[in-house]
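Colleague: A single structure is presented below for examination.
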Amino acid sequence: MANSEAFVPLDFSPQEEVAMQQQARDFYQLMSKRRSVRDFSDKPIPASVLEDAILAAGTAPSGANMQPWHFVVVENSAIKAKIREAAEVEERELYENRASKEWLDALAPLGTDANKPFLEAAPALIAIFLKKATIDAEGQKHKNYYTSESVGIATGVLITALHQAGLSTLTHTPSPMKFLTEILQRPSNERPFLLLVVGYPTEAALVPNIQRLPLSDIATFLK
């Protein structure tokens, strides 16, 4: 049996059913407006907003509570330019050689190509790294568990927190992303997971006219 110091009381406040229903509906309506944006203004983001959003991401559940993530916030123009240059090398290779016709056909309605100006235009890039292992203060390496699942959940929380704060995001995943490790000088126990573009949309920003699947297509309820 675990000792008393290993556990603390749960901080949980139950709500009335009507309040639960209203909050769930309000949150859905808020998130239904979330869209991936590619036209960003250069308006700076308050540092506290980025910090609190990352702290929120850090509350995500993780395998054995190893918290196998690291977030690198890039606001430096020179570093963003290096990231764009390296990303576009991989993107050109994707569009010209790597991607199948089926993949290119799927991308066509989104209007994307190998040019990624948003990587410099947006005020912040958040490079999300997956820690394959954690290295403690003594230099000992400890294996992390369910890393992709854990970092994926944390990324979702981060995107949600940023949207709730009034910012737009874009998930960018050039492949491979080893250049992020090199440019951002991250250790060998980490690998790039995703590059999140963050900022305010321009007044003239346009997004693809897409539809979300209805509840009946994305969920099954067994009672």
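The values are calculated or read from the model by the stated rules, or taken from the named source; none is laboratory data. Computed from a prediction, not measured in an experiment: that's the story for all the values here. Neighbour counts run over all protein chains shown; Cβ positions are idealised from the backbone, glycine included. Ligands, DNA and RNA are excluded from the accessible area calculation, which covers all protein heavy atoms including side chains. Shrake-Rupley method; radii C 1.70, N 1.55, O 1.52, S 1.80 Å.
Colleague: For n ≥ 4 DSSP H runs only, could you compute -39500 (n - 2.57) per run for the chain, divide by its residues and tell me the 222 nm figure to the nearest 500?
Modeller: -11000 deg cm²/dmol
Colleague: Moving on to the next point. Would you mind getting the Kirkwood hydrodynamic radius of the range 1-84 from its Cα pairs, rounded to one decimal in Å?
Modeller: 17.8 Å
Colleague: Can I ask one more? When the dipole is taken about the Cα centre of the chain, and only Lys, Arg (+1) and Asp, Glu (-1) are charged at their Cβ, what size is it in debye, to the nearest 20?
Modeller: Charge dipole of the chain: 340 debye, to the nearest 20.
Colleague: Next up: Say the cut-off is 20 Å between C-alpha atoms; which of 80/132; 116/178; 131/178; 80/178; 43/131 go over it?
Modeller: Result: 80/132; 43/131 exceed 20 Å.
Colleague: On full extension of the chain, what length is gained from residue 112 through residue 153, given 0.36 nm per residue of separation minus the C-alpha to C-alpha distance?
Modeller: Net length gain for the segment: 12.2 nm.
Colleague: Tell me the volume per residue, in Å³, of the convex hull enclosing the alpha carbons of the range 166-223.
Modeller: 212 Å³
Colleague: Given R₀ = 41 Å, FRET efficiency for residue 209-residue 15 by Cβ-Cβ distance, to 0.05?
Modeller: E between residue 209 and residue 15, to the nearest 0.05, is 0.65.
Colleague: Can I ask one more? So, in nm, how far is label residue 165 from label residue 220 when the simple model puts each one 7 Å beyond its Cα toward the Cβ?
Modeller: 3.9 nm
Colleague: Can you give the % of DSSP beta bridges in the chain that are antiparallel, to the nearest 5?
Modeller: 95 percent
Colleague: Hey, what's the per residue convex hull volume over the C-alpha atoms of the range 57-117, in cubic angstrom?
Modeller: 156 Å³
Colleague: Treating the chain as a set of equal point scatterers at the Cα positions, no solvent, please give the Debye-formula log₁₀ I(q)/I(0) at q = 0.08 Å⁻¹.
Modeller: Here log10 of I(q) over I(0) equals -0.37.
Colleague: Still on this structure, please answer the following. Using the heavy atoms of the protein chains alone and a 1.4 angstrom probe, what is the accessible area of the range 109-205 per residue in square angstrom?
Modeller: 47 Å²
Colleague: For the range 134-146, just list the computed ³J(HN,Hα) in residue order, Karplus coefficients 6.51, -1.76 and 1.60, θ = phi - 60°, integers in Hz, with x standing in for Gly and Pro.
Modeller: 9, 9, 7, 4, 8, x, 7, 9, 10, 5, 9, 10, 6
Colleague: In debye to the nearest 20, how big a dipole does the range 86-177 give about its Cα centre with +1 on each Lys and Arg Cβ and -1 on each Asp and Glu Cβ?
Modeller: Taking the Cα centre of the range 86-177 as origin, the dipole is about 320 debye.
Colleague: Separate question: Mind pulling up the Rg/Rh value for the range 86-167? Radius of gyration and Kirkwood radius, both on Cα.
Modeller: 1.08
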